[in-house]
1. Let me spell out the model: positive unit charges on the Cβ of Lys and Arg, negative unit charges on the Cβ of Asp and Glu, origin at the Cα centre of the chain. What dipole size does that give, in debye rounded to 20?
2. Just want the ordering: I131, I496, from fewest to most Cβ atoms lying within 10 Å of their own Cβ.
3. Would you compute, for the Cα atoms of the chain, the largest minus smallest coordinate along each principal axis and list the three values in descending order, in whole Å?
4. What's the Kirkwood radius of region 502-612 in Å, using all Cα pairs?
5. Using θ = phi - 60° and the Karplus form 6.51 cos²θ - 1.76 cosθ + 1.60, what ³J(HN,Hα) does each residue of region 89-96 get, whole Hz, x for Gly and Pro?
6. State the Cα centre-to-centre distance between region 618-664 and region 282-316 in whole Å.
7. Charges on Cβ only, +1 for Lys and Arg, -1 for Asp and Glu, centred on the Cα centroid of the chain; of F217, V494, A399, which one is farthest towards the dipole's positive end?
8. Binning at 5 Å from 0, report for region 635-760 what percent of all alpha-carbon pair distances ends up in each bin.
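Just so it is clear, none of the values below were taken in a lab; they were calculated from the coordinates. On a predicted model such as this, the values are computed, not experimentally measured, just so you know. We place every Cβ from the backbone using ideal geometry, glycine too, and count neighbours over all the protein chains shown.
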Amino acid sequence: MTLHLREGAAAVSDKVKKAVRDFPYGTVKIKEKYKENAFKRELIYLRSLDCDRLMAGFYETAGLTPKKERYQGWEVTEIQGHTLGHYLTAVSQAYGYTKDEDLLERLIYMSAGLEECQREDGFLFASPEKIFDRVEQKKPAWVPWYTMHKILSGLLSVYTYTKNETAKKVAENLGKWISRRCLGWSEDVRKQVLAVEYGGMNDCLYELYSITQREEFLKAAHQFDEMPLFQQLYEGKDILNGLHANTTIPKVLGALKRYCVLGEEEKFYLIAAEKFWDMVVSHHSYVTGGNSEWEHFGKPDILDGERTSCNCETCNTYNMLKLSKALFEITLERKYADFYENAYLNAILSSQNPETGMITYFQPMASGYFKVYSTPYDSFWCCTGSGMENFTKLTEGAAYKSEDTMYIIRCENCQIYWKEGGVKLAVTCEQKENAYQVKIQVTENSRVMKQPKVRLLIPKWNKQQPAIMENGISAVTEKEWILLERGLEEGHSVVITYTMELECKVLPDNVHACAFVYGPYVLSGDMGKEKMEETYTGVNVLVPQKEILLPDYIVLKKESLEEFYRNPGYFLKKTPGKMQFTLENQEKTLIFTPHYLRYQERYGIYWMVYPEGSKELKAIKEREERRYRLKREQLDVLPVGNDQYELAHHIQGEFTDSDIVDGHSARYCREKGWFSYEMQGEKDGAVLCMTLSGRDRGSVFTLFASGGFQQDIDVPKQQEEFGVLEIPLEKGCFSEEGKVRLKFQCKKGVCRIFDELYLKKKD
């Protein structure tokens, strides 16, 4: 069977006329060794996955016998099935790029298998329907609507890139089930559902509406539009503190999709999306373009204070790139393209192991940690899924087109075929010390367009007026663009040379915290390979450990901080012919290289810069020693209110919910309510540490622990507005394996704990 790629990926009924459109997959070809390898590794991984194992949960739920056993990791949890959605999208994209018949056959096979599993009423899922009931009833459940978003989006991707009618039919019937359910919600039930991560349900339902024009899908999509959030964003209020990042970004993608589908009368949603983007990029993002700590936004411009081993979830960057691309297509504002280039190179390319193709969940911004990658067949994290998509769409954002103009956005080796313009271009890039040379050559002009135009975006990191050498093609600089308008004949070319300089990027909440950037590349420093040990957090998520003290500071002997920041190239010496910089720092020589190339070693992106002998340097050393001691004392840490980590600690409860209070995440219950967790301590006892708030004064709750332990907690006795209460738990509370069940039951007022619940070693 031969099916053809649909021209572009735009929805058929979008009413907003976009300034530019992306090129269809396959018309821009990667010609750069590192990126070719990245795509190859992802393709090998996609081919290694068994379609029947990915569909096993769907067959079980449908009451059918699975053809093979399901995969492990997240695929045997309540989020099972999300991987299949990502897989359908990734394979669809890979087919669009390669036109490989084997990939097409996979999509046809899985579409038919899902049709077989679909109930008559349209329900299709890898878990029983009752998980949706639990969300509506305020019972713990791991994000079924998030998973539904991935499944529906995957089916729509298959239809978009192959025109497979079975995929469209299954998607439409699934949309009918979704619509019936969500259009029957009371307002209270709707609020409860929207309080639990639901991915981009509005986004995919608006897409389904755009394809089918069925009004019920439009109404269903609007049920997932979180209007109080959008209103605050529209007003420019930064209310992101404490919000789960990968919950929030897809909501805004859905808002923007509503604008695209319905047109200018819905401009409110465009403005909300624009202001959200500005908040995230300007006040919540690190130098790589990544954001979040332990998956959550913090206070605006508080970034040094949030640097840990669990920053920059890959899914967040994946969704911010989607948002940036969509906003650029609408507005043609360069800030969106600039962010895309930076995050694509320094966060997305950086997320893949170039040998195995496996993906990071987090990328630590605290120094001394290292990248930890998924495993092929027993992880299946959310970032595993978004990683499948990331590395099958590496050409996205490289070039765009309007009716009469091609726009080249990124400086990278590639070939571009502009069908409507009748022009094929070869883009060749070469780095020469502090220069970056870009050659544009016309390899074909079929003259289907009288006067095709090409615009080349001048990179933000370029520091001087570009040098232009014409060879048949005339080039004119217009603000941030170089316009190629005359001489676009076969064999003609133009060479443009940009200038790169070493720069310092300082965090807003600490003038001493500095990262180094060279041209488009974020640099990281090598911090060795000692004790590269991993541990688990959340549900089967691997993270790095740092059981050693590694200095992450640069000591200035005579120079001031201002002098160092003004001219970092004087101190960091570039190795001729290499992308490598050397800094002599006291007795240790630091080696800096592009961060995306770094794997299998500890690193530092941000470095603390202090004058020699300063009080600040002494204080930072003492602080790091205290942090190191506390880390060694902790036995188990639970970020309360985070569904993944709570489920990993086997949460149970009745009449309980999560909340955010002034940026502090919380788990709470009121009278008649309770919640409990299983935590890992030591068989001889441990100290329970919980954060309470003085604003709950007057409340009383009971703490129960296995082995008969019981203690009433009187909140008025708690210190400050937010303070840590320590409660020793003796040997009898713990099993031989060191496990303990902790139950919190409200007696009066509210039982509410904040931030992190942890067990530490007894003194």
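1. Values: 101 positive and 112 negative charges, 152 e Å.
So the dipole magnitude of the chain works out to roughly 720 debye.
2. Listed from fewest to most nearby Cβ atoms, that is I131, I496.
3. The Cα atoms of the chain stretch 85, 76, 48 Å along the principal axes, largest first.
4. Numbers: mean 1/r = 0.0660 Å⁻¹.
Value: 15.2 Å, from the Cα pair sum.
5. Those phi angles translate into 5, 4, 5, 4, 5, 5, 5, x Hz.
6. 16
7. Of the candidates, V494 comes out farthest on the positive side.
8. For region 635-760, the binned pair fractions read 2, 12, 23, 27, 21, 12, 3, 0 percent.
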